[in-house]
Amino acid sequence: MEDLHGWTISQVEDLIGLPRRDIQRCCYTGKGGVALLFPADSTWGRRAYSPDDLARLYLVARMKDRGMSLPEIKRELDGSEAAGNGDDVLLGDCASRLFEAREQIENLLLSAQVLLCSDDPRAIKSLISNYICRSAGAKLDCSDLLERLQLFDFDNTSSELRIFTLQLLDTPGFALAIELWLGPGSAERLVDSLSKKVPDSTAINRSQREMQ
């Protein structure tokens with residue numbers, strides 16, 4: 001009968017991507033172990049891993065990605081606990097780093113894609129549209145942003161939309177896409193035009209925090 005109170009080590013291997021031997025060493029208190037977590041025993045005498053156990057093993061996997069050994073990981077996790085920081089703080093830091101890495105990858109990907117179709121303005125326009133939609137999500141109405149970019153017209157638009165557009169133009173991949181779509185110097189012209197219409201820096205910083 002399947003134990004519904006936790007995950008087996010085989011399931012954890014698949015879900016977290018950590019080798020079985022590393023998982024076992026994380027649980028073992030004897031020689032060769034690092035005693036990072038103490039999963040409960042299931043009714044069948046096997047370890048049953050909880051969501052908290054999965055979270056800790058996820059952190060272990062990401063730290064190993066950075067080249068750390070299990071003893072080094074234990075020292076870092078123990079030090080974090082001693083400083084009053086739980087795994088949720090480390091998970092938040094990890095998510096932030098991954099989000100930044102994703103943004104960099106998406107920016108590089110956009111550059112490669114628009115260069116591949118540099119002689120097809122319609123394809124470039126479609127790539128720009130998709131990038132805008134992914135970047136804005138559900139936070140901002142960007143339904144007419146493509147048209148405004150093409151017309152260099154940002155009159156009667158919200159400060160949030162102008163700030164968002166400036167942020168996009170500050171990324172090399174998006175600026176390159178605009179240049180290939182609208183011609184040399186177009187990104188700089190848009191930045192100059194928008195910069196005259198945005199609020200002061202204090203308001204910009206506040207708006208950026210609200211949009212995150």
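For the stretch 77-151, compute Rh as the Kirkwood radius over C-alpha pairs and then the Stokes-Einstein diffusion coefficient at 4 °C and 1.567 mPa s; write the answer in µm²/s, rounded to an integer.
Answer, rounded: 85 µm²/s.
Suppose every K and R has +1 on its Cβ and every D and E has -1 on its Cβ; what is the size of the dipole of the chain about the Cα centre, in Debye to the nearest 20?
That gives the chain a dipole magnitude of about 480 debye.
Which of the aspartates and glutamates could be linked to Lys64 by a straight reach, that is with a Cα gap under 13 Å, when you skip same-chain ones fewer than 8 residues away?
Within the straight-line limit of under 13 Å, Lys64 reaches these aspartates and glutamates: Asp22, Glu72, Glu76.
How long, wide and thick is the stretch 4-69, going by the Cα atoms along their three principal axes, in whole angstroms, largest first?
36, 26, 17
If you average 1/r across every pair of different Cα atoms in the stretch 126-180 and take the reciprocal, what Kirkwood value do you get, in Å?
Mean inverse Cα-Cα distance, inverted, gives 11.4 Å.
Which cross-chain or sequence-distant (5 or more) residues have an amide H under 5 Å from the amide H of Ser118, H modelled 1.01 Å from N in plane?
When sequence neighbours closer than 5 places are left aside, there are no close amide H contacts.
Ranked highest first by average number of other Cβ atoms within 10 Å, how do 101-111, 169-179 line up?
169-179, 101-111
Check each of the GluC sites (Glu not before Pro) in the stretch 1-93 and keep only those in coil by DSSP with at most 14 other C-beta atoms within 10 angstrom; list them in order.
Answer by residue number: Glu2.
So, with +1 on the Cβ of K and R and -1 on the Cβ of D and E, and no other charges, what is the size of the charge dipole of the stretch 15-118 about its Cα centre, to the nearest 20 debye?
Dipole magnitude for the stretch 15-118 comes out near 580 debye.
Straight-line reach from Lys196: which aspartates and glutamates have Cα under 18 Å away, leaving out those fewer than 8 places along the same chain?
Qualifying aspartates and glutamates at Cα under 18 Å: Asp153, Asp155, Glu160, Asp170, Glu188.
Ala48's amide H: which non-local residues (gap 5+, or another chain) put their own amide H closer than 5 Å, with H modeled 1.01 Å from N in plane and none for Pro or chain starts?
Distant-sequence amide H within range of Ala48: Ala40, Asp41, Ser42.
Leaving out ligands and nucleic acids, note down the accessible area per residue over the stretch 1-121 with a 1.4 angstrom probe, in whole Å².
I get 64 Å² per residue for this part.
Ranked highest first by average number of other Cβ atoms within 10 Å, how do 82-88, 161-167 line up?
161-167, 82-88
Please name whichever of Asn85, Gly173, Leu194 sits farthest to the positive end of the charge dipole of the chain, dipole taken about the Cα centre and charges placed at Cβ: Lys and Arg +1, Asp and Glu -1.
Farthest along the dipole direction, towards plus: Asn85.
Based on the alpha-carbon gyration tensor of the stretch 60-212, what equivalent-ellipsoid semi-axes (square roots of 5 times the eigenvalues) come out, in whole Å, largest first?
Three semi-axes, in Å: 37, 21, 11.
By Kyte-Doolittle mean hydropathy of at least -0.5 and Cα axial length of at least 24 Å, which whole DSSP H helices of the chain are selected?
Flagged H segments are 87-116.
Report, ordered by chain and residue number, the lysines lying within cross-link reach of Lys125, taken as a straight Cα distance under 24 Å and ignoring same-chain residues fewer than 8 apart.
Straight-line reach from Lys125, under 24 Å: Lys139.
Could you tally the net charge around Lys197, taking each other residue with its Cβ under 10 Å from the Cβ of Lys197, Lys/Arg +1 and Asp/Glu -1?
Combined, the nearby Lys, Arg, Asp and Glu give +1.
The values are calculated or read from the model by the stated rules, or taken from the named source; none is laboratory data. Predicted, not measured: the structure shown is a model, and the values here were computed from it. Cβ: placed from backbone, ideal geometry, glycine included. Neighbour counts: every protein chain shown. The area values use the complete protein model at the heavy-atom level, side chains included, leaving out ligands, DNA and RNA. Shrake-Rupley method; radii C 1.70, N 1.55, O 1.52, S 1.80 Å.
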